[in-house]
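Peer 1: Pasting a structure here, questions to come.
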Amino acid sequence: MAIALALAFTSCDEKKSRSHDDSSDSSKSEKVDKEDVEDEVEYEVKEIHPTGDIDKDAEALTQNVIAFYKKINTQEDALNIQKEFTEIQKEFQEFYKKKGEDKDFNTAYFKMMQDPKYAKDIKEGQQKIMKFVNEALKSVENK
């Protein structure tokens with residue numbers, strides 16, 4: 001939400017600037033470059049734990065999924081990260097199961113993973129993992 005507000009304010013400021021300074025093509029390209037940079041989200045793996053706020057937890061877990069995906073560069077990374085991520089995901093599942101809200105959490109988590117804000121990064125991460133899985137399967141077949 002804060003990012004969306006920041007982008008909205010930036011957009012308004014740029015419109016004002018353009019109305020006062022439309023003569024410079026270089027300033028226009030600089031503004032486009034700045035917008036592209038602001039749209040990029042930095043993901044990092046964080047130590048997260050359930051808070052009891054389903055939507056907040058679903059988003060935190062989704063962001064961590066993307067951060068894990070971005071850390072994967074080899075088959076070995078994929079295996080190591082899978083174990084770590086599975087433990088985190090299990091903690092959230094057990095927490096909400098004890099509260100009797102596991103279905104609600106799973107629904108919120110699935111929706112968050114489908115959110116256009118995250119869907120592209122999720123899809124890219126899944127494709128990267130499938131590439132490593134396919135490579136592993138081919139190496140097993142060739143033995």
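Every number here is computed from the coordinates shown, using simple stated rules; none is lab data. No experiment lies behind these values; they were computed from the predicted model shown.
Peer 1: Kindly write out, for the stretch 109-115 in residue order, the coupling ³J(HN,Hα) from the Karplus curve 6.51 cos²θ - 1.76 cosθ + 1.60 (θ = phi - 60°), rounded to whole Hz, with x marking Gly and Pro.
Peer 2: Each residue's phi maps through the Karplus curve to give 5, 4, 4, 5, 5, 8, 4 Hz.
Peer 1: Rounded to whole Hz and in sequence order, give me ³J(HN,Hα) for the stretch 60-73 from the Karplus expression 6.51 cos²θ - 1.76 cosθ + 1.60, θ = phi - 60°, writing x for Gly and Pro.
Peer 2: Once rounded to whole Hz, the list reads 4, 5, 4, 4, 5, 4, 5, 4, 4, 4, 5, 7, 7, 10.
Peer 1: With an 8 Å cut-off on Cα pairs and a minimum separation of 6 or more residues, tell me the relative contact order of the stretch 55-124 in percent.
Peer 2: The value is 48 percent.
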